Structure formats: structure tokens, C-alpha cells
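Data block below; observations after.
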Amino acid sequence: MSEQQRLKVVVVGATGNVGTSIVEALSEEPSVGEIVGVARRHTDWTCSKTRWIFADASVDDFRPIVRGADAVIHLAWLFQPTHKPEVTFENNVLGAIRVFEAVAEERVPALVYASSVATYSPGPSDTGVTEDWPTHGWPGAAYPREKAYLERWLDAYELSNPDMRVVRMRPGFIFKRESATAQRRLFVGPLLAGRLVRSGLIPAVPLVEDLRAQILHTTDVAAAYVQAVLRPVRGAFNLAADPPVDGAYLAELFGARQIPIPRPAVRGALWAAWHTHAVPASPGLLDTVLQLPIMDTTRARTELGWQPRYTPRETLEEFLGGLRDGAGLPTPPLHGDTVGGRLREFATGIGQRP
């Protein structure tokens, strides 16, 4: 493939947990000639083949940004502030639609969108659901509501743009070492002492009925996105690694005792912590996890030629090491842990800042 024939890929939301790994994976792909990384805030992080554009999907015109692209990957998403769902809706839903409309107007051949396991309606915990499982989400939290809304919007979008390949990636929970500080900041807050999250220092792990999740390493997710760009595929793909992780799995990992705790007690404690701004994650997110089905990943394995390289244990061990070390990357979403950073989390209101 000549230099003129190499692909141009635009990655919207390129500086976060998944975006940085996708940019790195694309940069190593010989058939990709140019990567356009798009982010709301400036970054000093660099990667080969990549040039940066700083733009906000909720206000900026994306037509010139996606013009001439062979594929657009849309990842941009705000998890916070959960106390102000109108803010996340403006960015996550209306911003995404602006990008999708620009992609259609510029006749980009392929759109790859970051959906989620959270878009699925409640399902069984003993058998994996395939990509045709209903995608109505769980109404009690903004995150699944917004993901489900975009699934419905894309249903009509695909009918209006039959010549475009639209791919919806539905991964489980995604971790890597460099995302540890960002995910601690987004979901747990500054009160967690990362250095204490290690075997021998955690005496017990709660066992909560139906609280389990499929997790996978960010680089495995990135590999699937690259294949979605390169292969002539359409539709949705489940991404996950087995086995699912629950309290018993974590207790074995930490060498800790297992303590059964009723779901109402856990939810009540989280409700109180969220309403007092002690933690950023809302009780609705816990409700979402409790309702999630287990996903079957056969389609990704057969049509993308994809399979995870990391086991859940390897992913968790790497992530927990990053949590203890305050790991990160030099991008605004992923900056590492510092005392000053934690103080700013308190000062700006835990869970209240985008």
C-alpha cells in the first residue's frame, strides 16, 4: 500500500483511557498513514503519525475535522458530574450527534462508536447474551440512559446512511495501569488511599448478590477497534474477557475473607456518600452494574479475529499497581496522582466537575 493509499483515521476523545491506547495501536498499523487526535483540552502527550486538534463536540463544527477521513472513531464521554445529568447529556448525547452528522455530511466511509455493556437491558447472569439482546439500558442512571439513547439514534442513522459502515463496540469494564488515577478520581474520589489497596492490607471483601462484571485490558479493546477500522464489518460487537469478576474473585486476589452484605445496605451507604459528595459515583451506577447481563463475545472473535491477551487477573494486578503508584499519562484526563490534585478534587466538589 502506497503512502497515498494509507488510511486517515480521526479519533474523537483521543486522550483518555481508551483513546490513548487506540492511538498507539493505530500508530503501529502499517496501513494507517495519519491519525487525527481530537480532544477538548490541550495535551503534551505525543504519538507517531498523530497530529492534534483541540475541539469540543458540543459547540464546535466537526465537518472540517473529519473531512477526508477514511474512518472516525468516537470515544468522547463525560462520566461526571453525575449530580448534573444535563451537563453530561449535552456532551455525551448532543455532542456525539453533532459528530455523527458531520461524518455523514462529509461522506466518511466508516464510523466506529464506543457503546458499552451498560446499553443492554437487564439480562441473565448464567449465560452470555449476544449483540441482539435489547439495548434499553437501565433508567436509573445517566450513563446507561445516554448510551441507550444513542443506540436508538444510530438505528435511524444507519437507515439514512446505508453506504456507511457503522460499528458499535460494546466493551465491559476497561482498565490499564495508566488509567488508575483517572478511574479512582471518577468513581471513588480522593478519600481512597491507593497505597493500601494490596494483598495483606485488605482484611475482607464484601459479597453482594449479582455484583459482578466482565473486565478487560485497554490494549485488548484498542486491538478490536483497529480491526473494526480495517475490516469490512458492520454492527455491534461485544468485548469482554472471562471469567467475570465478583467479590469471591477479588477476595481470592487479595487473600481476604468474604463477607456477605445485603444489596440494600451497600446501596444505602453509597447513596449517603454520593449525596454528601464524599464519592463521585452515584447509586444509580451501582444499580446499573447489578442489572448487567454477561456478554457472549463470539462475534468479535470470529468476525474481527479478536481475542483478549490479558486475563482479568493480569488486568486487575496491573491496574492495582497503577493505583498504588498514582500512575497516569501526561494528558488532562489521565494525569497522575498528586497531593495537590487530591486537594483540588476536594476544593472543586467531589463528583461535580466535568
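Does any residue of the stretch 19-27 turn out to be among the acidic types (D, E) and either in contact with a helix residue (DSSP H, G or I) (Cβ under 8 Å, 6 or more places away or on another chain) or within 30 Å of W271 (Cα to Cα) (or both)? The answer is yes, given that some residue of the stretch 19-27 is among the acidic types (D, E) and either in contact with a helix residue (DSSP H, G or I) (Cβ under 8 Å, 6 or more places away or on another chain) or within 30 Å of W271 (Cα to Cα) (or both). Checking each residue in the stretch 280-296 for being of a type in the set (G, A, S) and either part of a loop (DSSP other than H, G, I, E, B) or more than 18 Å from the chain's Cα centre (by Cα) (or both) picks out A281, S282. Filtering the stretch 183-210 to residues that are within 24 Å of the chain's Cα centre (by Cα) and either farther than 16 Å from G349 by Cα or part of a loop (DSSP other than H, G, I, E, B) (or both) leaves Q183, V188, G189, P190, L191, L192, A193, G194, V197, V208, D210. On the given criteria, is A57 small (G, A, S), open to solvent by less than 60 Å² (accessible area, probe 1.4 Å) and at pLDDT 95 or above? Answer is no for this residue. The test for being in contact with a strand residue (DSSP E or B) (Cβ under 8 Å, 6 or more places away or on another chain), in a helix (DSSP H, G or I) and at pLDDT 95 or above does not hold for Q227. Kindly provide the set of residues from the stretch 53-100 that are among the β-branched types (V, I, T) and in a strand (DSSP E or B), ordered by number. Correct list: I53, V72, I73. Considering the stretch 124-158, the residues that are farther than 23 Å from P283 by Cβ and small (G, A, S) include one that is most open to solvent (accessible area, probe 1.4 Å), namely A156.
Listed by first and then second residue, the pairs linking a residue in the stretch 178-197 that is aromatic (F, W, Y) to a residue that is assigned to a helix (DSSP H, G or I), with Cβ atoms under 9 Å apart and 6 or more places separating them unless they lie on different chains, are F187/L285.
Can you find, within the stretch 297-311, the residue that is farthest from the chain's Cα centre (by Cα) among those that are in a loop (DSSP other than H, G, I, E, B) and surrounded by fewer than 16 Cβ atoms within 10 Å (Cβ to Cβ)?
The selected residue is G305.
If a residue has to be open to solvent by 40 Å² or more (accessible area, probe 1.4 Å), farther than 19 Å from T20 by Cβ and assigned to a loop (DSSP other than H, G, I, E, B) to count, how many in the stretch 323-353 make the cut? Total satisfying the criteria: 4. Among all positions in the stretch 233-241, there is at least one residue which is surrounded by 15 or more Cβ atoms within 10 Å (Cβ to Cβ), in contact with a Pro (Cβ under 6 Å, 6 or more places away or on another chain) and touching a residue at least 24 places away in the same chain (Cβ under 8 Å). Among the residues of the stretch 260-296, those that are over 14 Å from R212 (Cα atoms), touching a Gly at 6+ places or on another chain (Cβ under 6 Å) and surrounded by 17 or more Cβ atoms within 10 Å (Cβ to Cβ) comprise V279, P280, G284.
Can you name the residue in the stretch 3-52 that is acidic (D, E) and in a loop (DSSP other than H, G, I, E, B) and is also modelled with the lowest pLDDT among such residues?
Filtering the stretch 3-52 down to residues acidic (D, E) leaves 3, 24, 28-29, 34, 44.
After this cut, where a residue has to be in a loop (DSSP other than H, G, I, E, B) as well, the list is 28-29, 44.
Working: E28: 97, E29: 97, D44: 90.
In this case the residue turns out to be D44.
Note on the stretch 65-81: residues that are open to solvent by 30 Å² or more (accessible area, probe 1.4 Å) and farther than 20 Å from G19 by Cβ total 2. Scanning the stretch 9-39 for residues that are in contact with an Asp or Glu (Cβ under 8 Å, 6 or more places away or on another chain) and free of Cβ contacts under 8 Å to residues at least 40 places away in the same chain returns a single hit, G33.
If you go through the stretch 101-148 and pick out every residue that is part of a helix (DSSP H, G or I), touching a Pro at 6+ places or on another chain (Cβ under 9 Å) and among the acidic types (D, E), you end up with 1.
Would you be able to say whether some residue in the stretch 72-88 is more than 30 Å from W274 (Cβ to Cβ) and either at pLDDT 95 or above or of a type in the set (S, T, N, Q) (or both)? Scanning the stretch 72-88 turns up at least one residue that is more than 30 Å from W274 (Cβ to Cβ) and either at pLDDT 95 or above or of a type in the set (S, T, N, Q) (or both).
The values are calculated or read from the model by the stated rules, or taken from the named source; none is laboratory data. Just so you know, these numbers come straight off a predicted model, no measurement behind them. All Cβ positions, glycine included, derive from the backbone under ideal geometry; neighbour counts span all protein chains shown. When the accessible area is computed, the model is the full protein with side chains, heavy atoms only, and any ligands, DNA or RNA have been set aside. Shrake-Rupley method; radii C 1.70, N 1.55, O 1.52, S 1.80 Å.
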